[in-house]
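Below you'll find the structure, written out as structure tokens, and then a few comments.
The values are calculated or read from the model by the stated rules, or taken from the named source; none is laboratory data. Because the structure is predicted, anything quoted here is derived from the model rather than measured. Here Cβ is always computed from backbone atoms with ideal geometry, including for glycine, and neighbour counts include all displayed protein chains. Note: areas computed on protein heavy atoms with side chains; ligands, DNA, RNA excluded. Shrake-Rupley method; radii C 1.70, N 1.55, O 1.52, S 1.80 Å.
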Amino acid sequence: MNKLYFVFLLAVVFSSCSPYQKALKSEDIALKYAAAEEKYNKEKYQKAIRLFEQIAPSYRGKPQAEKMFYMYAQSLYKTEQFYTAGYQFESFASGYPKSEKVEEAAYLGAYCYSKLSPRYSLDQIDTDKAIEKMQAFIDAYPESQYITEANVVVKALREKLEFKAFEIAKQYHTIAEAIRDFRAPIVALDNFIADYPGTPYREDALYYKIEASYKYAINSVDYKVKSRLNETLENYDKLFKQYPETKYKEEADKIKEDVNKLLEQYSK
């Protein structure tokens, strides 16, 4: 037991005296830089970050600063500290506009913000910001080697916003009975279709609008029922004009049948 304890104690002593530990405790900026670069090259990014954070203020404006801040930003990126990495890449791109790494830094800065985008059900402020950042990169570097990846990122982010908007519109439709407001889902679906004309959810939105307009009609005051039933038929025609083989054919046809029966009664 004593022998094991002695071995453990030796390990602790030698660990505390390692070159890395010495660099952390040293006041020698050059020593810290060398140790940080060594850890960076060995992909020991977390250890490199600790040293970069210590020397960053002292290196601003110095010849080695460009390389140091690039390695610092990359270390943060490799350890998925995307908020800080994005800030550091942006600072690098603005601080070293003539650097051979500026295009890469500008792209990675924007890409880091895209990694902060939350799942669609949460607030999408960070998604909007990521799109803005990536679009700014695309506009600044239209011939960039990263342009394909940048466009893919923007497309994915916009699709997330689109899906969220669709889910919100669909939610109005789902809870219409509970809130006794059958006009709200129609407005929400109209806004969604107008805002996202090329959406893959267009067929769904058009069908939900048929359902919503039908419920709106049959829950209206008597003198408005007929005109709103006719609006339901107009929505039916819009769906089948754009999607002749719609997956909602059976459901839509049933609503049309019910609407026509009601209109017959009103015509009598």
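So the values come out like this:
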quantity	calculated
Looking only at segment 218-258, and only at residues there that are of a type in the set (A, V, I, L, M, F, W, C) and at pLDDT below 95, the one that is nearest to His173 (Cα to Cα)	Ile218
Segment 97-109 - residue that is open to solvent by 60 Å² or more (accessible area, probe 1.4 Å) and not basic (Lys, Arg) and, of those, nearest to Ala136 (Cα to Cα)	Pro97
Qualifying residue in segment 78-96 (condition: of a type in the set (D, E, K, R), in contact with an Asp or Glu (Cβ under 8 Å, 6 or more places away or on another chain) and surrounded by fewer than 21 Cβ atoms within 10 Å (Cβ to Cβ))	yes
Those residues of segment 244-267 which are of a type in the set (S, T, N, Q) and more than 17 Å from Glu234 (Cβ to Cβ), in sequence order	Gln265, Ser267
Some residue of segment 47-62 being closer than 30 Å to Thr127 by Cα, open to solvent by 30 Å² or more (accessible area, probe 1.4 Å) and either under 37 Å from the mean Cα position of the chain (by Cα) or modelled with pLDDT under 80 (or both)	yes
Counted residues, segment 227-268 - those being closer than 25 Å to Ile179 by Cβ and in contact (Cβ under 8 Å) with a residue 40 or more places away in the chain	7
Residue match in segment 197-209 (condition: within 23 Å of Lys164 (Cβ to Cβ), in contact with a Ser or Thr (Cβ under 9 Å, 6 or more places away or on another chain) and aliphatic (A, V, I, L, M))	yes
Some residue of segment 91-103 being touching a Cys at 6+ places or on another chain (Cβ under 9 Å), under 23 Å from Ile49 (Cβ atoms) and of a type outside the set (Val, Ile, Thr)	no
Subset tally (residues that are small (Gly, Ala, Ser) and closer than 18 Å to Thr199 by Cα) for segment 122-168	2
Among the candidates Lys226, Lys241, residue that is over 26 Å from Leu122 (Cβ atoms), out of contact with any helix residue (DSSP H, G or I) (no Cβ under 9 Å at 6 or more places or on another chain) and either surrounded by 14 or more Cβ atoms within 10 Å (Cβ to Cβ) or basic (Lys, Arg) (or both)	Lys241
Residue ID - nearest to the chain's Cα centre (by Cα), chosen from residues in segment 155-171 that are open to solvent by less than 40 Å² (accessible area, probe 1.4 Å) and farther than 14 Å from Lys209 by Cα	Leu157
Residues within segment 94-135 that are of a type in the set (Gly, Ala, Ser) and out of contact with any helix residue (DSSP H, G or I) (no Cβ under 7 Å at 6 or more places or on another chain), tallied	3
Restricting segment 110-154 to residues that are among the polar types (S, T, N, Q), in contact (Cβ under 8 Å) with a residue 24 or more places away in the chain and open to solvent by 30 Å² or more (accessible area, probe 1.4 Å), the residue that is farthest from Phe69 (Cα to Cα)	Ser121
